[in-house]
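The values are calculated or read from the model by the stated rules, or taken from the named source; none is laboratory data. Computed from a predicted structure; not experimentally measured. Reconstructed Cβ throughout: ideal geometry from the backbone, glycine too, with neighbour counts over all protein chains shown.
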Amino acid sequence: MVGRNLIRAALACLVLALLPSYTVTVAVMSVDLGSEWMKMAIVKPGVPMEIVLNRESRRKTATAVCLKENERLFGDSALGVSVKNPKMVYRHLQSLLGKRHDSPQVALYQKRFPEHQLHEDPVRGTVYFKSSEDVQYTPEELLGMVLNYSRGLAQDFAEQPIKDAVITVPAFFNQAQRRAVLHAAQMAGLKVLQLINDNTAVALNYGVFRRKDIDGTAKSVMFYDMGSSSTTATIVTYQTVKTKESGSQPQLQIRGVGFDLGLGGFEMDLRVRDHLAQIFNQQKKSPKDVKENHRAMAKLLKEAQRLKTVLSANMEFTAQVEGLMDDIDFKAKVTRAEFENLCADLFERVPGPVQDALTVAEMKLEEIEQIILVGGSTRVPKVQEVLLKAVGREELGKNINADEAAAMGAVYQAAALSKAFKVKPFLVRDAAIFPIQVEFSREMEEEEEGIKTFKHNKRILFQRMAPYPQRKVITFNRYNDDFEFNINYGDLSFLSEADLRVFGSLNLTTVRLSGVGDSFQKHTDAESKGIKAHFNMDESGVLLLDRVSYTHTRTHTHTHHTELGNTISTLFGGGPSEPAPNVTDPVQEEEEVPLDSGKEAKNGIEKDTVTKETEDLEKNPTEEKIEEKSEEINVFLLVKEEKEEEKAGNTETEKKIKTQKKMKISEDVTVELVVNDLPDPTADDLIASKKKLQDLTDRDLAKHEREKMLNSLEAFIFETQDKLHQEEYQQVVTEEGREHISVKLREASEWMDEDGYAATTKQLKDKLSQLRNLCKDMFFRVEERRKWPERLAALNTLLNTSAFFLRSARLIPEEDQIFTEVELNMLEKVINETSVWKNETVLEQEKRSPSERPVLLSKDIEAKLALLDREVNYLLNKAKFAKPKIKSKPKNSTSAGKENKTIPVAEETVPPVSEESPDPQSGESPAEHLTPTRF
C-alpha cells in the first residue's frame, strides 16, 4: 500500500492533471491493444495516470467479443462462453487486420480457430466472419466493438465522457494494418490522438519516471518484449536536448528494432493444448478424437494457459478438466521439462530479435546499459535463461511493470497531446521500420531508331528507421504533361521469406496527376520550378499525401530611385528602418536535398529531387532566400558602379536602380489515388459499419435498462411486502391501508410471474411507478419518524448552548462589551422563537395519529437549526475579528497603582457600528453591515 501511494505521488508530480489548462476539461484514455489482452488507463483532473479496472475489478481485460442472438459479451464473460460455445467468440483479431484472404496469416488463424469460417470480401479482398445468413462482421468491426467497450469501461471509471484516446500497436505494423486500426476506432466513435508503437510507449513510461537520471550523455537501453503473439527487441537512447520552445528537455530516440512475428506465449499455449489432447487420445477413454471437438479443444486451451503459468513457478503440475468430452474427466501430469521440450525450437529463437535490433542500430551489446523485460511471456523461466545466456549478463532488468508499462506510457502521451492538460515535455523520436520510396518512369532524352525509351527511377522518401512525424517533398522537374508515379515499400531484404509473405503487398499507392499540361501551357512565359508532391508521415506512422502543386516563377523588372548613402547603409544593417527595395521577405518553404550523390545536372537540365520541409530558415536557406541574396548582390554592384562615376566628377545624389523581383506562382494539381496494398472501406461502408455497431450498442443499453428495471421492480415488491410486517411501518399506516397495499403488491407479483418477464421496459417502469406512488406516504412517515430523535437532539443542544452564550455575553462589563444591544436582542429573539416553535410543534405532533401526515418535519427542524447557528456564528466571528485596544494607565493614581499591581493588557474593542436603527419590518440588525458578514 505504501509503495502504491509513493507511485501515485510520483505520478502527481509528473502529470500536472490537477492543473487543467482550460476551465472545462475532459478525461483522456489509452488502450494498450494486445492480441490477447488489453489494458486501459485514464488521466482526468485529480487522477494522474491510473489503470482502469473492469467490471470484475481486474486490471486487464480479454480482447474478445461474444455475439449471441440478442446480446454481446466482452472480456472475461466472453472467455467464459468460449469454453461452452467457441463459435460465438471472436478473439486474436489483431492478426487479421490489414490482411487479404490469401494471406498466410489468415490460413494460420483458420488453423488455430477451426470453429470460425473466414469468407473473402469480393470488393476489398479482405476477410469477414459470417455470424448468420444475414449478419456478417469484418475484423475491423469486431475490433471496433472491443474498443467501444474499452471506452465504456474507462468512462465508468472516470465518471465522465471520454472521446480522445491513444492506442498502442506493434512497431512492425505496416501501413495497411495501421489504417485498419484507425478505421476500427472510427467505427467505435473514438478520436485517435495517436497510434503509438507499443515499444515506444514502454520506453516513454520508463523515461518519464527517470527524468532526473537523463542528462546530456546518451544512454542506451534495450526493451525485450515478448507478448502473446510476437516478440520485439527495441534499443532506445535517452538524452537531454535543447529546444527553442522549452529549453533543455529529455528525449528518447528509437535506434533499432528487431522482431519475431511468430514467437509468443500463445504459440506455447497451443503446443501445450495439443500435447494434452494427445495424452487424452492415448488414454483411450473415448473412441472419438478430441481434436475434432471444438468445445473440448477450447477447454484444453484454457487449461494449457493455466498450466504454463503454474509451471513458471513449479516444476510440475497436474492438468485437470472435468467433463472434457462425453462427460469424461481428464487428468494428466506435466513437468516443466516436458513443457520446455515442447517449445524447444521457440526458445532457440529468443536471441534473434536482440541481434536484429543491434544490427539495425549499428551498436554493440556492450553499449547497452540495461536489458529490461516487458510482456507477460517473459515470465517463462526458460525465456529468461536463454536470453541471459545470449546477452552475457548477470541479470535482466525487471524494474518496470511488464503488463502495464505500455498503457501508462500511452496515457502520458495522451495527456501531452490533449489540450485539456499540461504535462512536463518529453520528446519522442519514433522510427519507421519499413522504408518507403517513390517510383516513376521518365522518357529518355534521346531516341534510338525513332523509338522512345523510358527509364524507371526510384527515389527514397523515408529511409529505414527514419524518424517521424516528418514531412517530405519530392519535386519532379522534367514533366510538362499529366503523369503518374507509385509509392511503394523500399528494400525489405532484412525480412525473411515467411515474413515477406505475411507482410502482404509491397506496393502502396499509385498517384495519378491531371491538369499538369494545362498549367504548363498557361504559364509558358514563366520559369517552371517543377511539380512538388508534399508527403507527411504523421504521429501515427501513417503516410499521407497532403497535396501536389505545380510551381512557377515570373520575373518582374522594377526601377527605383533612391539616395546612394541610404542604399549602402541599408545593405549593411544601418540607415533607415525600411528594408532595401529589392529585398523580399523570406518565404518558409523546403530545403532542397538532391538525391544524385551531389552531381550537378548536365546541359542545364534540373534533376528530380526529394526535399525535406523545415522551419529553420537560417540553417536551411530556401530557394526564395537564395534568390533574395542574389538580388542583394546585384544591387551592391550597381551601387559600386555609380560610386565610381561619382568619383569621376558626377555629383548627382539621386540614382536609378533596376531590380528584378521574382514572383512565385503555385497551383494545386488534381490528384487521384489508387490504393494498391489494401483498399480502404469507402465512406459509405464506414457509415454503415458505424451504424451497425451503434445499433448493437443501443440494443445492449436497452437490454441493460430493461434488466435493471425488472430487478428494481422485483426488489421493490419483495422488500415492501417484508416491510409491511415490520412494526415501524405498521404504526404509520391503518389496517385498511396496509391491506390495500398488500393486495396491490400481490397482484404485481402475480403479473410478474405471468407477463412481467416478457413485458417492455416502459411497462415495467410504469408498474414500478404505480407501486411507489401507492407507498410513498407510508415511506415518508417512517423516514420522518427516524429523523426526529437526531434532529430534535441537535436542536435542543444548540438552544442550550446559545442561551448560555447569550447569558455570558450580557455579563460582559459595559466598558469591555464587544456586542451591541441590537445584536444580543436579535439572538435572544431567535432563541425564543425557535424554542416556542419546537415546543408547540412537538406538542401538536403528539396529538396526531402516526398514520396521519406529520406536522413536525425534518426539513423544518434543519431550517431552524441553520438560522440559530447563523446568529451564533456571526457573534463568534465578530469576537474573533474584533481589534484590541490598549488601556492607558491613569495619571496621579499612586495609591491605585499600589493596590492594583497588574500589568495593563490589550483589550478587544468593538469595530465601528452603523448608527442606523434596525428596520422594524425586517428585523434586520445594523450588525448585518459589519465585517465579518453572516454565513
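So which strands (runs of 3 or more DSSP E) stay within the range 182-254 end to end and still have 1 or more residues that are more than 23 Å from residue 405 (Cβ to Cβ) and over 24 Å from the mean Cα position of the chain (by Cα)?
Working: elements: 191-197, 219-226, 231-243.
Fully inside the range 182-254 and qualifying: 231-243.
Have a look at 765, 744 and point out the one that is in the same structural domain as residue 845 (by TED's automatic domain parsing), at pLDDT 90 or above and within 19 Å of residue 706 (Cα to Cα).
Values: 744 fails: within 19 Å of residue 706 (Cα to Cα).
Of the residues listed, the single one that is in the same structural domain as residue 845 (by TED's automatic domain parsing), at pLDDT 90 or above and within 19 Å of residue 706 (Cα to Cα) is 765.
When the residues of the range 308-327 are filtered to those that are of a type outside the set (S, T, N, Q), farther than 20 Å from residue 81 by Cα and in contact (Cβ under 8 Å) with a residue 24 or more places away in the chain, which remaining residue is surrounded by the fewest Cβ atoms within 10 Å (Cβ to Cβ)? Don't jump to the end; show me each part of the working.
The initial filter retains those residues of the range 308-327 that are of a type outside the set (S, T, N, Q), namely 308, 310-311, 313, 315-317, 319, 321-327.
Subsequent filtering for residues that are farther than 20 Å from residue 81 by Cα retains 308, 310-311, 313, 315-317, 319.
If we keep only those that are in contact (Cβ under 8 Å) with a residue 24 or more places away in the chain as well, we get 308, 311, 319.
Numbers: 308: 23, 311: 22, 319: 20.
Only one residue fits best here, namely 319.
Restricting the search to the range 430-457, which residues are assigned to a strand (DSSP E or B) and either modelled with pLDDT of 95 or more or crowded, with 18+ Cβ neighbours inside 10 Å (or both)?
First, the residues of the range 430-457 that are assigned to a strand (DSSP E or B): 430-432, 436-443, 448, 451, 454-457.
Once the filter is applied, which keeps residues that are assigned to a strand (DSSP E or B) and either modelled with pLDDT of 95 or more or crowded, with 18+ Cβ neighbours inside 10 Å (or both), the range 430-457 yields 430, 431, 432, 436, 437, 438, 440.
With the range 329-384 as the region, which helices (runs of 4 or more DSSP H) entirely inside it contain at least 1 residues that are among the β-branched types (Val, Ile, Thr) and touching a residue at least 24 places away in the same chain (Cβ under 8 Å)?
On the way: elements: 336-342, 344-348, 352-361.
Of the helices (runs of 4 or more DSSP H) lying wholly inside the range 329-384, those with at least 1 residues that are among the β-branched types (Val, Ile, Thr) and touching a residue at least 24 places away in the same chain (Cβ under 8 Å) span 352-361.
Before we move on, is residue 483 buried (at least 16 other Cβ atoms within 10 Å of the Cβ), touching a helix residue (DSSP H, G or I) at 6+ places or on another chain (Cβ under 8 Å) and assigned by TED's automatic domain parsing to the domain that holds residue 537?
Values: buried (at least 16 other Cβ atoms within 10 Å of the Cβ): yes; touching a helix residue (DSSP H, G or I) at 6+ places or on another chain (Cβ under 8 Å): yes; assigned by TED's automatic domain parsing to the domain that holds residue 537: yes.
Yes.
Quick one: residue 291 ticks every box in (1) farther than 21 Å from residue 388 by Cα; (2) of a type outside the set (A, V, I, L, M); (3) assigned to a strand (DSSP E or B) except a single one, so which number is it?
(3)
Only one residue in 806, 824, 868, 811 is more than 30 Å from residue 729 (Cα to Cα), in contact with a Ser or Thr (Cβ under 9 Å, 6 or more places away or on another chain) and not charged (D, E, K, R). Which one? Steps first, answer last, please.
Working: 806 fails: in contact with a Ser or Thr (Cβ under 9 Å, 6 or more places away or on another chain); 824 fails: in contact with a Ser or Thr (Cβ under 9 Å, 6 or more places away or on another chain); 811 fails: in contact with a Ser or Thr (Cβ under 9 Å, 6 or more places away or on another chain).
That would be 868, the only listed residue that is more than 30 Å from residue 729 (Cα to Cα), in contact with a Ser or Thr (Cβ under 9 Å, 6 or more places away or on another chain) and not charged (D, E, K, R).
Can you report the number of residues in the range 736-746 which are surrounded by 15 or more Cβ atoms within 10 Å (Cβ to Cβ), under 11 Å from residue 717 (Cα atoms) and of a type in the set (Lys, Arg)?
Qualifying residue count, the range 736-746: 1.
With the condition kept exactly as written, say whether any residue in the range 238-256 is aromatic (Phe, Trp, Tyr) and closer than 28 Å to residue 109 by Cβ.
no
Considering only residues that are buried (at least 18 other Cβ atoms within 10 Å of the Cβ) and touching a Gly at 6+ places or on another chain (Cβ under 8 Å), which ones fall in the range 127-165?
148, 149, 151
Is it the case that residue 733 is outside any helix (DSSP H, G or I) and either of a type in the set (A, V, I, L, M, F, W, C) or within 23 Å of residue 849 (Cα to Cα) (or both)?
On the way: outside any helix (DSSP H, G or I): yes; either of a type in the set (A, V, I, L, M, F, W, C) or within 23 Å of residue 849 (Cα to Cα) (or both): yes.
In short, yes.
Return the only residue of 784, 823 being surrounded by 16 or more Cβ atoms within 10 Å (Cβ to Cβ), modelled with pLDDT under 95, closer than 19 Å to residue 838 by Cα and in the same structural domain as residue 879 (by TED's automatic domain parsing). Break it down into steps so the answer makes sense when it comes.
On the way: 823 fails: closer than 19 Å to residue 838 by Cα.
After applying the criteria, what remains is 784.
One residue is enough: does the range 163-170 have a residue meeting the conditions of a type in the set (S, T, N, Q) and either part of a strand (DSSP E or B) or within 14 Å of the chain's Cα centre (by Cα) (or both)? So that I can check it myself, show each step before the final result.
Start the filter on the range 163-170 by keeping residues that are of a type in the set (S, T, N, Q), which leaves 168.
Checking the rest, the ones that are also either part of a strand (DSSP E or B) or within 14 Å of the chain's Cα centre (by Cα) (or both) come to 168.
Yes: the range 163-170 contains one or more residues that are of a type in the set (S, T, N, Q) and either part of a strand (DSSP E or B) or within 14 Å of the chain's Cα centre (by Cα) (or both).
What is the residue count in the range 535-551 for residues that are surrounded by 16 or more Cβ atoms within 10 Å (Cβ to Cβ), under 18 Å from residue 483 (Cα atoms) and of a type in the set (A, V, I, L, M, F, W, C)?
So the answer is 2.
Scan the range 115-150 residue by residue and report those that are outside any helix (DSSP H, G or I), among the charged types (D, E, K, R) and in contact (Cβ under 8 Å) with a residue 60 or more places away in the chain.
Of all residues in the range 115-150, those outside any helix (DSSP H, G or I) come to 115-138.
After this cut, where a residue has to be among the charged types (D, E, K, R) as well, the list is 115, 120-121, 124, 130, 133-134.
Listed by number, the residues that qualify are 115, 124.
Looking only at the range 712-735, decide whether some residue is buried (at least 16 other Cβ atoms within 10 Å of the Cβ), touching a residue at least 24 places away in the same chain (Cβ under 8 Å) and under 28 Å from residue 152 (Cα atoms).
Yes, because at least one residue in the range 712-735 is buried (at least 16 other Cβ atoms within 10 Å of the Cβ), touching a residue at least 24 places away in the same chain (Cβ under 8 Å) and under 28 Å from residue 152 (Cα atoms).
Yes or no: the range 307-326 includes at least one residue that is under 30 Å from residue 282 (Cα atoms), touching a Leu at 6+ places or on another chain (Cβ under 6 Å) and in a helix (DSSP H, G or I). Walk me through it before giving the result.
Of all residues in the range 307-326, those under 30 Å from residue 282 (Cα atoms) come to 307-326.
Then drop every residue that is not touching a Leu at 6+ places or on another chain (Cβ under 6 Å), which leaves 317, 319.
Now restrict to residues that are in a helix (DSSP H, G or I): none.
Among the residues of the range 307-326, not one is under 30 Å from residue 282 (Cα atoms), touching a Leu at 6+ places or on another chain (Cβ under 6 Å) and in a helix (DSSP H, G or I), which makes the answer no.
Would it be correct to say that residue 776 is within 48 Å of the chain's Cα centre (by Cα) and within 17 Å of residue 706 (Cβ to Cβ)? Can you show your working first?
Working: within 48 Å of the chain's Cα centre (by Cα): yes; within 17 Å of residue 706 (Cβ to Cβ): no.
When the stated conditions are applied, residue 776 does not pass them.
I'm trying to understand the selection: among the residues of the range 808-867, which are under 25 Å from residue 727 (Cβ atoms) and of a type in the set (Gly, Ala, Ser)?
Residues satisfying the conditions are 849, 851, 858.
Assess whether residue 749 counts as being more than 16 Å from residue 854 (Cβ to Cβ), touching a residue at least 60 places away in the same chain (Cβ under 8 Å), surrounded by 12 or more Cβ atoms within 10 Å (Cβ to Cβ) and among the hydroxyl-bearing types (Ser, Thr, Tyr). Even if it seems obvious, please write down each step before you answer.
Details: more than 16 Å from residue 854 (Cβ to Cβ): yes; touching a residue at least 60 places away in the same chain (Cβ under 8 Å): no; surrounded by 12 or more Cβ atoms within 10 Å (Cβ to Cβ): yes; among the hydroxyl-bearing types (Ser, Thr, Tyr): yes.
No, not satisfied.
I'd like to check something: does the range 201-217 contain any residue that is of a type in the set (A, V, I, L, M), closer than 25 Å to residue 67 by Cβ and in the same structural domain as residue 98 (by TED's automatic domain parsing)?
no
Please tell me if residue 155 is assigned by TED's automatic domain parsing to the domain that holds residue 58 and in a loop (DSSP other than H, G, I, E, B). Before you say what the answer is, go through the steps one by one.
Values: assigned by TED's automatic domain parsing to the domain that holds residue 58: yes; in a loop (DSSP other than H, G, I, E, B): no.
Spelling it out, it is not the case that residue 155 is assigned by TED's automatic domain parsing to the domain that holds residue 58 and in a loop (DSSP other than H, G, I, E, B).
Right, residue 334: under 35 Å from the mean Cα position of the chain (by Cα), buried (at least 21 other Cβ atoms within 10 Å of the Cβ) and among the β-branched types (Val, Ile, Thr) or not?
Details: under 35 Å from the mean Cα position of the chain (by Cα): no; buried (at least 21 other Cβ atoms within 10 Å of the Cβ): yes; among the β-branched types (Val, Ile, Thr): yes.
Here the answer is no, as residue 334 does not meet what is asked.
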